[in-house]
1. Which of the residues belonging to region 115-142 are farther than 18 Å from E99 by Cα and either surrounded by 14 or more Cβ atoms within 10 Å (Cβ to Cβ) or at pLDDT below 90 (or both)?
2. Name the one entry in K275, K359, K287 that is free of Cβ contacts under 8 Å to residues at least 40 places away in the same chain, within 19 Å of V399 (Cα to Cα) and out of contact with any Cys (no Cβ under 7 Å at 6 or more places or on another chain).
3. For residues in region 127-173 being of a type outside the set (S, T, Y) and in contact with a His (Cβ under 8 Å, 6 or more places away or on another chain), which is farthest from V116 (Cα to Cα)?
4. Restricting the search to region 35-61, which residues are charged (D, E, K, R) and surrounded by 13 or more Cβ atoms within 10 Å (Cβ to Cβ)?
5. Scan region 558-567 residue by residue and report those that are modelled with pLDDT under 90 and either surrounded by fewer than 20 Cβ atoms within 10 Å (Cβ to Cβ) or part of a loop (DSSP other than H, G, I, E, B) (or both).
6. Among (1) in contact (Cβ under 8 Å) with a residue 60 or more places away in the chain; (2) closer than 30 Å to A218 by Cβ; (3) outside any helix (DSSP H, G or I), which single condition is R131 missing?
7. Those residues that are assigned to a helix (DSSP H, G or I) and among the β-branched types (V, I, T), I need them from region 299-314; list them, please.
8. Just checking, which of L105, L113 is over 47 Å from the mean Cα position of the chain (by Cα) and either under 23 Å from D216 (Cβ atoms) or in a helix (DSSP H, G or I) (or both)?
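The values are calculated or read from the model by the stated rules, or taken from the named source; none is laboratory data. Note that the coordinates shown come from a computational prediction; the quantities given were computed from them, not determined experimentally. All Cβ positions, even for glycine, are placed from backbone atoms using ideal geometry, and neighbour counts span all protein chains on display.
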Amino acid sequence: MPRKNNAGAGAVSLSSPVTVLSGVGPAKAAAYAKAGIETLEDLLLHIPRNYENRGDVRLLSDARTDGGKTAVILTIATAPQAARLKGKMTVVKFRAFDESGSCELVFFNMPFLRQVFTVGSEWRFFGVVERIQKRTMTTYKLTSPAYEPYTEGRLPDFTAIYPLSEGLTQKNLAAHVSEAIRLCGAPADLLPDEIRRKRALCTLSYAVRNIHNPEDYAALAAAKRRLIYDEFFLFSLSIAMQGKRKREGRSFSCTKQNISPLLKLLPYELTAAQKRSITEIAADMRKETPMRRMLIGDVGCGKTIVAASAMLIAIMSGRQAALMAPTEILARQHYEDLSELFGKLGIETALLIGATPAKEKRRIYSALSAEDESSRLPIVIGTHALLSEGVQFSALSLVVTDEQHRFGVNQRAALTEKSKGTHLLSMSATPIPRSLALVMYGDIDISRIDEMPPGRQRVDTFVVDEGYRPRLINFIKKTASEGGQIYVVCPAIEENDSGEVSLYDINDDGIRKKPPLKAAIKFAEELSEALPELSVAFLHGKLKSDQKEAIMTSFECGDIDILVSTTVIEVGVNVPNASLMIVENAERFGLSQLHQLRGRVGRGKRKSYCVLVSDDSAETARKRLSVMKDNYDGFSIAEADLQARGPGDFLSSNSNEIRQSGGLRFRFADLCGDASTFVNATEDAHALLDSSPTLDNYPLLRDAISKLGAGTNTD
């Protein structure tokens with residue numbers, strides 16, 4: 001059937017509909033549309049899901065015996081014969097041979113094959129070769145194999161296998177892809193030559209040709225690498241440009257940056273990672289465009305003193321700073337630490353939370369809005385109470401948020417509105433893998449504190465099952481008798497409170513019953529009965545704030561020996577006397593979450609321990625938990641968690657800004673398997689944007705990013 005567009009190849013472009021291809025009428029076009037293919041560019045980007053290595057040609061006698069497909073070259077020995085079976089089914093049979101034996105070939109519902117195979121012609125067949133033993137003779141059988149006429153040196157070794165929709169066949173797609181490549185070549189190569197050479201990437205034309213018709217393994221690998229890089233690069237550039245638009249506007253340049261008075265108050269030397277992070281933050285705050293930076297570091301790495309340094313820079317420059325925490329417990333802890341430190345420098349700090357008395361709230365409101373610097377409150381620390389309408393700043397220059405992802409959507413929107421034109425520093429105690437951090441926070445800069453202060457004690461970690469329970473009860477007694485305190489973390493508040501749909505788990509280990517969940521309230525009662533001489537309390541997120549505050553105060557004061565809790569104590573709680581962490585149903589938690597829980601102990605001088613309790617016998621669960629036994633680096637644990645669980649479990653619903661921009665819907669790439677490529681592509685994207693902020697030097701790239709929706713507001 002002739003091509004419908006008779007104007008010549010020059011009139012066909014990537015944006016041409018697939019109907020310009022031979023044999024594509026309305027019905028076939030509709031079938032392509034179901035697969036998301038409407039233009040030739042769509043077709044060229046419809047990447048094979050797999051490849052068959054038909055170049056590994058064997059004799060019939062050497063065919064695979066494991067049920068896999070084998071490529072054989074056979075000479076047709078007999079003319080095909082067709083017969084009608086019951087109903088409308090037809091069968092075509094004939095024999096063919098090679099030097100090792102004879103083979104019967106069978107095809108169903110393909111009567112036209114009688115005219116295809118002629119006696120004496122050679123064909124390459126690819127299918128499952130069945131051995132048939134007849135006394136002393138072995139014959140073979142192939143049922144509905146793939147076939148192609150054999151011409152030595154002209155058949156490709158690899159054959160692409162495409163994802164299909166109803167009305168499409170592999171032969172359709174292969175033929176139409178080849179025709180599209182012949183007519184159009186490849187999409188315009190958007191990647192600057194200097195980046196392509198730097199990363200040793202093939203051209204896009206080579207990549208498109210070899211992703212569909214690979215010359216060999218090396219060519220296929222090079223094609224995949226280029227397409228993966230391009231996808232990551234365009235995504236990173238798009239996200240970076242969104243961030244640039246969000247930062248538009250002027251902020252106050254904080255140029256007075258001598259923080260030595262603060263550092264002299266510290267009884268320790270900052271780590272190199274802390275110093276590097278402070279330098280990066282100080283450089284951002286010196287600019288007249290708003291800082292948007294995330295400070296990521298492990299539990300106990302010293303993020304708070306880095307944030308305090310940034311706050312001091314704002315104060316020395318005659319401005320105000322605010323620190324917002326997601327819970328009153330954490331806000332109070334920050335206040336207690338920082339008010340004492342800043343007090344020694346003569347800088348006033350106030351605490352604003354829901355429980356702040358009305359009179360004190362009015363005083364804080366007035367001091368925050370004072371125009372006169374001498375009567376202005378320089379630093380306020382609080383919860384979402386900082387977002388209330390009564391809070392007005394006269395000279396706010398820096399907002400620090402701790403664990404910002406724990407704030408609700410409305411709270412984060414209010415913070416964005418309140419902090420327009422100010423520098424924003426967000427802290428996270430969750431060591432996020434670098435590749436994932438670039439997805440979650442791709443539109444902001446990242447500082448990583450990737451080393452711990454010297455002298456930080458290591459928490460010995462053990463993985464046990466229910467058989468260890470009597471010994472564990474004795475260990476709790478021993479810890480308490482020596483003056484230590486104990487955390488016990490459960491995955492649920494009450495029985496039947498987990499929201500689980502099924503009590504069974506289906507995975508690579510088969511179908512198995514899940515171990516029952518330990519519920520905090522019931523388990524606290526059981527511990528009280530087993531250890532009547534000890535004080536036991538339970539804490540969970542559904543308690544009122546004053547109840548939680550009272551329980552935590554009692555625990556901090558040592559009035560409570562055992563605190564049974566859900567993961568509400570995962571981040572921020574600081575009780576140096578706590579020396580034993582027990583996590584029930586540990587298999588239900590992510591590795592990074594377990595690492596956070598472990599970080600609640602070992603904060604004082606007592607030797608500390610973490611016991612992970614799990615009755616899950618699945619090999620995958622045991623392997624995951626074993627990572628925790630000997631690994632104490634939060635970033636490497638997070639990488640292991642990413643490999644085990646995938647990115648979906650890291651990106652909660654609170655991260656939907658990135659989801660809205662298409663963050664994880666990569667066509668070619670795998671965020672876990674291609675993490676290093678993603679990091680390289682992101683670094684290159686940011687460097688390119690630094691050299692050409694509006695991409696005026698790269699018009700094709702600028703237009704492509706514009707089509708992706710870069711710069712649109714996704715808040």
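1. Once the filter is applied, which keeps residues that are farther than 18 Å from E99 by Cα and either surrounded by 14 or more Cβ atoms within 10 Å (Cβ to Cβ) or at pLDDT below 90 (or both), region 115-142 yields V116, F117, G127, V128, K134, R135.
2. K287
3. P163
4. Scanning region 35-61 gives E38, E41, D42, E52, R54, R58.
5. Within region 558-567, T566, T567 qualify.
6. For R131, the exception is condition (2).
7. Within region 299-314, T304, I305, V306, I313 qualify.
8. From the options L105, L113, the qualifying one is L113.
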